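Shown next, in structure tokens, is the structure this report addresses.
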Amino acid sequence: MVDYNGSIPLNAVCRFHRSGSIVGVCTDCGAYLCPQCALQYGDMGVKCPDCMAKAYKAQISEHEKHKRTNWILLAIGSFYIVLTVILGIYLALNADRLYSTPTQNPDMEMWGNPVILGLMAVVYILLSLGFPFGIRQVIRTVRAMPTIVVVFSVLFFAVTIGLLVSVATIIGWVCMLSSFAATAKEKKQAAALKGFLSAQGYQV
């Protein structure tokens, strides 16, 4: 283990043990480290115990932030589902009055069928749960687009909004599952780092 430029002064001592046996330099704070204090985990590089503990706490903080965001989006999706169910019940109870009047377009009479309405409600319920996650991904994608594309899209606002909502609905479940999977992976990585620190005799 070596520092950034591969050279360590002859008079360097470990910041924590005042030992002259230096094997590396912390890539975060620049402290000279002895074999006991030079910690290296995964691709994080050489770190001192303090900076490694900070890295662990940063991972935990990031994990908690992402987990909280996931649950907020899931709550929004659940609320959307409640509204969808209420609308579906209303349409089912009033199907004859809304869709089966004599002046109604014959092509639309199928929507008065309770089975059709029930299937539509199930589909909307399933899609609605992941919709907020899909919207988040769409927003991230749009923000990464060149300005000219965004400006052009604004000129065709109605078409663009309709397209984005459709895309968000379609990819919502994939984005939701991916988001929760990423959060679970973060938790495992943080737990592994904590285990590494504990094995080295450091409590975090």
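The values are calculated or read from the model by the stated rules, or taken from the named source; none is laboratory data. Just so it is clear, the structure is predicted and the values come from calculations on it, not from any experiment. Note that each Cβ is placed from the backbone with ideal geometry, even for glycine, and that neighbours are counted across all protein chains shown.
Tallying residues that are over 22 Å from Ala181 (Cα atoms), of a type in the set (Phe, Trp, Tyr) and surrounded by 17 or more Cβ atoms within 10 Å (Cβ to Cβ) within region 42-85 yields 1.
Screening Cys37, Cys29 for residues that are more than 18 Å from the chain's Cα centre (by Cα), at pLDDT 85 or above, loosely packed, with under 15 Cβ neighbours inside 10 Å and farther than 23 Å from Ala182 by Cβ leaves exactly one candidate, Cys29. Annotation: of all residues in region 190-204 being at pLDDT 80 or above and among the hydrophobic types (A, V, I, L, M, F, W, C), the one that is farthest from Pro132 (Cα to Cα) is Ala199.
Taken together, Val154, Val115 contain a single residue that is in a helix (DSSP H, G or I), under 29 Å from the mean Cα position of the chain (by Cα), of a type in the set (A, V, I, L, M) and at pLDDT below 85, which is Val154.
Scanning region 59-74 turns up at least one residue that is within 16 Å of Tyr202 (Cβ to Cβ) and outside any loop (DSSP other than H, G, I, E, B). Selection over region 162-189 of residues that are small (Gly, Ala, Ser) and modelled with pLDDT of 90 or more gives a count of 5.
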